[in-house]
Amino acid sequence: MKKLFYVLMASLVVAGMVSCNKPAPTVKEKTDDTETPTDKPDDKPDDKPDDKPQYEEVEVVLKTAYIEAICDWPEENDWKATRVGETRWDLTYDEYGHILSALVKGDKEKGYEFDYNDDFTICDVNRESDPDIVIYHMELNENGLCTKFTDNTEDPARVWTYTYDADGFQLTASRDGEVKTQYAIQNKNIFTWSRDGSRFKEHKYSTKDNVADIHTSYSEDAGLSRFLYETGLFGRSSEKECTEAKWQDRDTKATFEYEYDEATGGIVREVKYYGGDYDFDVNFEVAKKTIKVKK
């Protein structure tokens, strides 16, 4: 019995020594194909939404050249200056339809270049003759429309702000916080725009579509030239072609006639008459282009 007791004690001591000398478990080194707890199966959709905008390609009719009003007023109209001339801007766009340049062959003083930041929230405009000087600075909304416009050609620089409706029509134009003009939109056409809040210019339309977004109707009191409206950065034009414009407190009216591009239906010539007399005409070249638009 005493011998058996000594044998059992010896066995327990040996077992304790083996247990104490057992090495600690090692951590397996992570390899490229090791699945971590945060890994998701391939067939499980990612919970994080894709915040990148999605685009689709659409075919539109764009202005590719814009020829300034060609005027030939009779000399007997001494309240007008006789002028015959034209300036042709050749227009280029990026893949999304943003205007990039409006250049005049042989005259860099009249050519414009448009420089956007990466997310198209800022657009600076310079003359082709001096690309380092910003003549217009614009802040753009998510739809690419100018909400704040700084005109550095004025001294001091003038700052305008603009608001738009859900369809992209300009609704108000303000300078130094004061509303200078307001639009009223009916059936996706400019019905009136105001001057000093008391006078209103009213417009009439045909049933023909205004293909290529020609800006016959626009407020003259919004701090913008016709050229800037034609860039599309300050809102869309009326859906139909304008046939008549008249101040509500006057009898004399302006009327418009148009010529069209047979291939696209786009307006290529707008002729304005005032009180029945020829006033001026504006000319365009248009073409079908494929651009990317947000879905």
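The values are calculated or read from the model by the stated rules, or taken from the named source; none is laboratory data. Computed from a predicted model, the values in this text were never measured in an experiment. Note that each Cβ is placed from the backbone with ideal geometry, even for glycine, and that neighbours are counted across all protein chains shown.
Which one is nearest to GLN186 (Cα to Cα), of the residues in the stretch 126-176 that are among the aliphatic types (A, V, I, L, M) and part of a strand (DSSP E or B)?
Among them, the one singled out is LEU171.
I'd like the full set of residues that are of a type in the set (Asp, Glu) and over 28 Å from the mean Cα position of the chain (by Cα), limited to the stretch 263-278.
Matches in the stretch 263-278: ASP277 only.
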For ARG175, indicate whether it is modelled with pLDDT under 95, of a type in the set (D, E, K, R) and surrounded by fewer than 19 Cβ atoms within 10 Å (Cβ to Cβ). no
Consider ALA222 against the criteria (1) touching a residue at least 60 places away in the same chain (Cβ under 8 Å); (2) within 20 Å of LYS63 (Cα to Cα); (3) touching a Phe, Trp or Tyr at 6+ places or on another chain (Cβ under 9 Å); (4) small (Gly, Ala, Ser): it satisfies all of them except one. Which criterion is unmet? (2)
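Quick one: which residue in LYS80, LYS44, LYS105 is basic (Lys, Arg) and at pLDDT 85 or above? Working first, answer last.
Working: LYS80 fails: at pLDDT 85 or above; LYS44 fails: at pLDDT 85 or above.
The conditions single out LYS105.
On the basis of being crowded, with 17+ Cβ neighbours inside 10 Å and either at pLDDT 95 or above or in contact with a Ser or Thr (Cβ under 9 Å, 6 or more places away or on another chain) (or both), does ALA212 make the cut?
So ALA212 passes the test.
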Could you tell me whether any residue of the stretch 268-281 is more than 22 Å from GLY97 (Cα to Cα), part of a strand (DSSP E or B), touching a Cys at 6+ places or on another chain (Cβ under 6 Å) and in contact (Cβ under 8 Å) with a residue 60 or more places away in the chain? yes
Can you tell me which residues in the stretch 176-218 are more than 16 Å from ALA245 (Cβ to Cβ), of a type in the set (A, V, I, L, M) and without any contact (Cβ under 8 Å) to a residue 60 or more places away in the chain? VAL179
Failed condition for ASP277, given (1) modelled with pLDDT of 95 or more; (2) over 23 Å from ALA184 (Cα atoms), with all others met? (1)
Flagged in the stretch 116-125 as in a loop (DSSP other than H, G, I, E, B) and either in contact with a strand residue (DSSP E or B) (Cβ under 7 Å, 6 or more places away or on another chain) or of a type in the set (D, E, K, R) (or both), in numbering order, are ASP118, ASP119, PHE120, THR121
Only residues that are surrounded by 13 or more Cβ atoms within 10 Å (Cβ to Cβ) and over 29 Å from the mean Cα position of the chain (by Cα): list them for the stretch 243-262, please. LYS246, TRP247, LYS253, ALA254, THR255
